[in-house]
Amino acid sequence: MKKDKAAPAPRHTLDFLGIALAVVIIGAYFLLPFITQPGRGPSTVAVLTESKKANELGIFKTGLEVLPLAALGMLLLGIWNVLVPGAARAISLLLALAGLLALVYYINFFRDTPLVSPANGGEGTVMGSLGMAFWIMLGASAVAVLQALIPRAVPAPRYRLAKLFGNQESVILFGLLLLVIVVGLANPRYLQERNISDNLAGNAYIAVAALGMTMVIITGNIDISVGSLVGLLAVVSGRLAVAGAPAPLAWLVPLVVGGGFGALIGFLVAYLRIPSIVVTLGMLSIIKGILIIWVQGERVTDMPAGYFLSQMRPLGIPMPIIIMVVLTIGVALWMRYSATGRAFYALGGNAEAARLSGLSRRRLVMTVFVLNGVFVGVASVMYSTQFNIIQATPPPALELSVITASVVGGVSILGGTGTVVGSTMATLLLNFIRSAMIFINISPFWLKAVQGLLILATVLADLLRRRRQRL
Amino acid sequence: MQSAPRNPTRVDKLRHYLISQEGVLFFIMLVSVLLLATRTDKFLTVDNLLQQGRFMTEVGLIAIPMTYIIITGGIDLSVGSIMGLAAIVLGWSWQTLGFPLELAIITGVLSGTLAGFVNGLFIVRVGVPPLIMTLATLALFRGLAEGISQARSARGYPEWFYQLGQGELLGIPTQLWLLIVTVAVFGIVLARTQLGRALYAIGNNETGARFSGLTVNRYLLLIYTFSGFMAGVAGYIFVSRVSTTRSDMGAGIELDVIAAVVLGGTSIFGGTGSILGTTIGVVLIQLLKNGLTLSGLTSDATIVVIGSVLIFAILVNNFILSRRGNS
């Protein structure tokens, strides 16, 4: 949904309702424990919070965290609604559908089930988690209904099935919802907070790396050295921490070093005019080799306690999720509204036209690779602080996961189109698929085959959609 | 075209060859061989060089169709996975399905061919960009190999099976003969036949080629299928060389192959390239790896040098091209 209109379509203030409602829901999460309901004691949320305190180990078992997660998701959607006015109604329909499904599901399963089972020692139950999910879905469908009623300055897009798949992001969102609902019905444990949180937090670093990759691909370039670079920077960060550097320094240095590598790649691509795929193919080997020679296969261990950024949970939300969401929203806004962001699209869409419009190809390519390097730095810190050990080898085939996320997220490999919202959602989709296979008992050896088929299916859906739009 | 074309003299021809990518690369190879030979006396021996020929056969075989594909402006990232799939199908149909080994070999190679055909079909009929299609099948074919094998390896082949991968013919490793013949045949096909010219035409201007009446789709389908076939053959040779099948065989080989092809002067944007260049690229990479390891570098660490050579060679080539463009 990239539009290069001279004047952006005017937007009604009420379009911001999506964000407002998400904020209310997040607020409710923190406020509700203080509100008691007559006759029933504290609200369900408060019960869950208490049971959480009662069970120190049970932080993952209460189902409580589903609430802010889903609310954050909605916040993302709400902001996206505002960013993409043409897509708002399609998304609203999807949200309404989700809400409806959740309602049916609730009536069937939870009408008489308490959210917290006493038989369970006061812990939240699986059903409790689902109840929470239901609550969110209901809120989502309220947003949908309200949005459908909002008067618009722009003529409303007509309701058509094709409109539902008006962009790649909708396709992925639809796929994600379908997956979660179907697998959740087959095995309710799939919807447990622990699984959802692990899925989101454990792979957030891939989404962050995909932000940089998406920008690079939008300009018509590619970077296949990210996997090696993440491996190298993770060890740099870990060794700094072990050597006694303060944690913030150990977090920041990889960003700077990553930016430096990005600048080197950008220089070779922009000024010496070597195709980016060749430069980064070479850099992949060089960086991996440096890593091998430097660390000699030794894993990094014994990092100080304050170092583990990814294991922190401010406000109960795992840090990687916060970083992923904040960066995705930030980059999405920046790509859409900043001059440089628009210039990236222009360069990828038509390099010659961009040049004639006075854009400097060299400077833009430099910028995009430096930015990509910094994002790879962030991703590497998220990766290195995830566990108590940092492996001496780069995560296997990480560059492929990252490129796949970008491509499935709707970035044309030829440049000029795509959004970072799409790439982040594609990362989530791919990893939810991965864990879904475990929950519906498919041998893990078939995992890659299913993943490949799904990539193919997404790409085909995208192609069909584009073909229909062209007609 | 300001001056009237004059007949090229012998000196002009010589200059042309010297400053072609192949010429530059050959020079780099010569220098590195001499340098490496001074570092260790184990490097420049007939035995060692023949042994290296054994190791580079799989990459060399896959690099031939890869050159074709990159010349047309495409790419095939799935070759490593196809190689693994073919190897697994070979071992599985022999050990689990009870095929005679000859039939199992054919089945393995055929499965590789079919995989390449699927790539080509989607690229040509559906119009999926090659990079994306083969990225998807990179996961898909590797997944099939893993799913079929269930992480079990097949070993214990009869003695004759190892002839191709471990045996010798007239004092030269068997598979090296295969590589030499294949390189010669497909080098000539690319340089001297209608098919070869068509590939260059497609790479330079696909739409133009279509309007000139070339059956572009048929050519593309053919070369992607050919790529799958070669990856299948490489899978067979690999199994024969290492005496076992595992589903992770050939993982990451696509990068080695693409590096060799690009190093050999094939433009990643299509339209130029030669099998001779690719061959020198493959040989250069293998010699560097081996020579550096013999000189005491960790074998994994040699990739630093290879990456640098890749970038350096393209830089030199660009420099020469721009000089030529100015004069």
Contour minus Cα-Cα distance for residue B:151 and residue B:212 (0.36 nm per residue): 17.0 nm
Karplus (6.51, -1.76, 1.60) ³J(HN,Hα), θ = phi - 60°, over region A:305-314, in Hz, Gly and Pro reported as x: 4, x, 7, 7, 4, 5, 8, 6, 9, x
Fewest-first ranking of A:251, A:334, using other Cβ atoms within 10 Å as the exposure measure: A:334, A:251
Cα-projected label distance for residue A:400 with residue B:169, points at 7 Å along beta-carbon direction, nm: 3.2
Listed residues B:157, B:224, B:236, most fluctuating in chain B (Gaussian network, C-alpha, under 10 Å): B:157
Cα-projected label distance for residue B:103 with residue B:10, points at 7 Å along beta-carbon direction, nm: 6.2
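Just to be sure I understand: if I project the alpha-carbon convex hull of region A:202-470 onto a plane and average over all orientations, what area do I get in nm²?
Numbers: hull surface 63.0 nm².
Projected over every direction and averaged, the Cα hull of region A:202-470 covers 15.7 nm².
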Residues with amide H under 5 Å from that of residue B:169, placed H, sequence gap 5 or more: B:174
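Using only C-alpha positions, report the orientation-averaged shadow area of the convex hull of chain B, nm², one decimal.
19.1
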Karplus (6.51, -1.76, 1.60) ³J(HN,Hα), θ = phi - 60°, over region A:449-463, in Hz, Gly and Pro reported as x: 4, 4, 4, x, 4, 5, 4, 4, 4, 4, 5, 5, 4, 4, 5
Nonlocal amide H pairs with residue B:154, under 5 Å, H built at 1.01 Å: B:245
Derived scalar couplings ³J(HN,Hα) [region B:55-60; Karplus, 6.51 cos²θ - 1.76 cosθ + 1.60; whole Hz; x for Gly, Pro]: 6, 8, 4, 4, 4, x
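Rounded to the nearest 500, what is chain B's calculated 222 nm mean residue ellipticity when only DSSP H runs of at least 4 contribute -39500 (n - 2.57) each, over all residues? Spell out each step's value before the answer.
On the way: 14 runs with 235 residues, N = 327.
Estimated from H runs of four or more residues: -24000 deg cm²/dmol.
Every read-out reported here was derived from the displayed coordinates using simple, explicitly stated rules and does not represent laboratory data. Because the structure is a prediction, the values reported are computed rather than measured. Neighbour counts are summed over all protein chains in view; Cβ atoms, including those assigned to glycine, are modelled from backbone coordinates with ideal geometry.
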